[in-house]
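Every number here is computed from the coordinates shown, using simple stated rules; none is lab data. Owing to the predicted nature of the structure, the values given are computational and were not obtained by experimental measurement. Here the Cβ positions follow ideal geometry from the backbone for every residue, glycine too, while neighbour counts run over all protein chains shown.
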């Protein structure tokens, strides 16, 4: 129809949205890339230094630490977060009473802001009167300093992982619910138990969805910032620094805009490369139903 | 007979284990909130003495402090102004763009779609530095608009993709008769397309609102003065200053969580749908 080719309508309807996207997403993205080749403090100095920022990244011991911590989060996100999500999804699928209640309570940490959860965990880790130490005292054990150089990374990883378990739970539960019942029927006749059913039927049937969860968990781990900023600010002694908090620190505390942009580019590249690898290596023969 | 009895027994044990595990996880999501709520009614001294017991009397001192001492009311209002504006812009501009992308025929349509998909991969880290400099040059730092624009832009691609997907599926007969009767494209959009797409708009609005209300990273960088800060930034910043006033911190946490929790319990279904659809967004 002619109506659907009116260029005036097309441009009037489309342009405002595209303008915002170009101005605040595409232009800054390419600018960040461009600026990663500069020594730049955002105000006075702006000097082209080629690959020096990238070279510096290889020498910077803090970024090694941050990278290691980020990888640690990715690992936990894939195995613990998606793992628990899968277990509780399989369990919830197998019961009829109370399933709705569990759905409600498992999902709601996602709705709450990471800032609030961060403050909450900060209170749990408090030495005098924090939840954990009160619990220990209750069991007649000595109080523990929870946020030390050694333990800080695990201490901040717990809320990061805990908050999003319910998210993978919902995605996986929906996928499991879509499997038609008659697939299991002959297996039931053979006397299969719940565990075997999960390993041999459910998991292979929802493998594609699990793969999507892995990719979401990995890209999610790269974007962690709020919780760590609130609980430890990357400390003590940078023990819980991740790429996101380090990028913030370098750019907006130390005013090294050029180097900060380089770290941001590293985050994007890591996300793309790791998602690609996961997608490739977890390919299995298609299972259809 | 015996074997059947055993089987049932085993089945029963299995079920019990399942319920134990599920309830165990449910405890980790409910109890922390309950603990915080409990302690928000105690003085810091009482918390140090015993943080588990139910307070002898419920003192609302912490809540009064939250409003008087750290002016949490104002940052509440800031949060609402920012998040509602972001939602309004995303719904309005995103809806129009989605309608055009879903219905009209023109060059570059595919290219635009690919560009939208691509922008889902940009995390805020890789746009924030140039955005910050740009806002500084436009004198928009420390102004609500300075945060609203980039947040809206960040949510638009996802909104457009979801809405386009929905609008493509609306049968064309609906609007074609209206067009033949002489309605303008704008009227068709407002009277037919927008109302029919209600549920998709709801998902997008919910996702965008929660994303914006819960954001810390961008807000922290763009809004640096107390008067304009949303609630998350205020609390992240004062936690170092008032961090030892545990009662006050607990009350502050309750204050951020309560509205979202109430909203969640009221509209759980659309929220879960909106947020899992939002998984697309980077």
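Values computed for the structure shown
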{"read-out": "Helix-derived mean residue ellipticity, 222 nm - over the protein assembly as shown, DSSP H n ≥ 4, -39500 (n - 2.57), to 500", "value": "-22000 deg cm²/dmol"}
{"read-out": "Chain B: angle of helix B:109-119 to the longest principal axis, Cα-based, in degrees nearest 10", "value": "20"}
{"read-out": "At R0 = 45 Å, FRET efficiency that the Cβ-Cβ distance of residue A:276 and residue B:184 yields, to 0.05", "value": "0.45"}
{"read-out": "Spin-label zone in the stretch A:244-285 - amide nitrogen under 18 Å from a point set 7 Å from the Cα of residue A:55 along the C-beta vector", "value": "A:258-260, A:262-263"}
{"read-out": "Per-residue Cβ neighbour rank within 10 angstrom, fewest leading, B:228, A:242", "value": "B:228, A:242"}
{"read-out": "Theoretical gain in end-to-end length, residue A:79 to residue A:15 [0.36 nm per residue, Cα-Cα removed]", "value": "18.7 nm"}
{"read-out": "At R0 = 41 Å, FRET efficiency that the Cβ-Cβ distance of residue A:64 and residue A:208 yields, to 0.05", "value": "0.75"}
{"read-out": "10 Å Cβ neighbours from other chains, averaged over peptide B:17-25", "value": "5"}
{"read-out": "Amide N of the stretch A:198-213 lying under 16 Å from the label point, which is placed 7 angstrom from the Cα of residue B:21 along Cα→Cβ", "value": "A:198-204"}
{"read-out": "Estimated distance in nm for a label pair at residue A:33 and residue B:59, the labels positioned 7 Å out from Cα along Cα-to-Cβ", "value": "5.8"}
{"read-out": "Peptide ranges A:101-108, B:232-239 listed from the most packed, as the mean C-beta count within 10 angstrom indicates", "value": "B:232-239, A:101-108"}
{"read-out": "Most fluctuating residue given options B:61, B:220, B:80, as computed from a GNM of chain B linking Cα atoms under 10 Å", "value": "B:61"}
{"read-out": "Pairwise label distance in nanometres, residue B:111 with residue B:266, each label 7 Å out on the Cα-Cβ vector", "value": "4.6"}
{"read-out": "Extension reserve of the residue A:43-residue A:174 stretch, reckoned as 0.36 nm per residue once the Cα distance is removed", "value": "42.1 nm"}
{"read-out": "Residue exposure sequence - A:229, B:76 - by fewest surrounding Cβ within 10 Å", "value": "B:76, A:229"}
{"read-out": "For chain B, built as a Gaussian network whose Cα springs stay under 10 Å, the top-fluctuating residue of B:225, B:114, B:43", "value": "B:114"}
{"read-out": "Average partner coverage of A:228-238, which counts Cβ from other chains inside 10 Å", "value": "1"}
{"read-out": "Helix B:72-103 vs. chain B, principal-axis angle (Cα, 0 to 90°, nearest 10)", "value": "30"}
{"read-out": "Percent of Cα-Cα distances greater than 19 Å, calculated over the stretch A:73-202", "value": "62"}
{"read-out": "Inter-label distance, nm, simple model (7 Å from Cα along the C-beta direction), residue A:184/residue A:269", "value": "4.7"}
{"read-out": "Average partner coverage of A:261-272, which counts Cβ from other chains inside 10 Å", "value": "3"}
{"read-out": "Degrees separating the helix B:198-214 axis from the principal Cα axis of chain B, which is the longest one", "value": "50"}
{"read-out": "Neighbour-count order for A:176, B:81, A:21, fewest beta carbons within 10 angstrom listed first", "value": "B:81, A:176, A:21"}
{"read-out": "Mean Cβ count within 10 Å, highest first, over the residues of peptides B:152-158, B:18-24, A:207-213", "value": "B:152-158, A:207-213, B:18-24"}
{"read-out": "FRET efficiency for residue A:4 and residue B:88, using Cβ-Cβ distance with R0 set to 25 Å, rounded to 0.05", "value": "0.35"}
{"read-out": "Highest-fluctuation residue, A:235, A:244, A:98 considered, GNM on chain A with Cα pairs under 10 Å", "value": "A:98"}
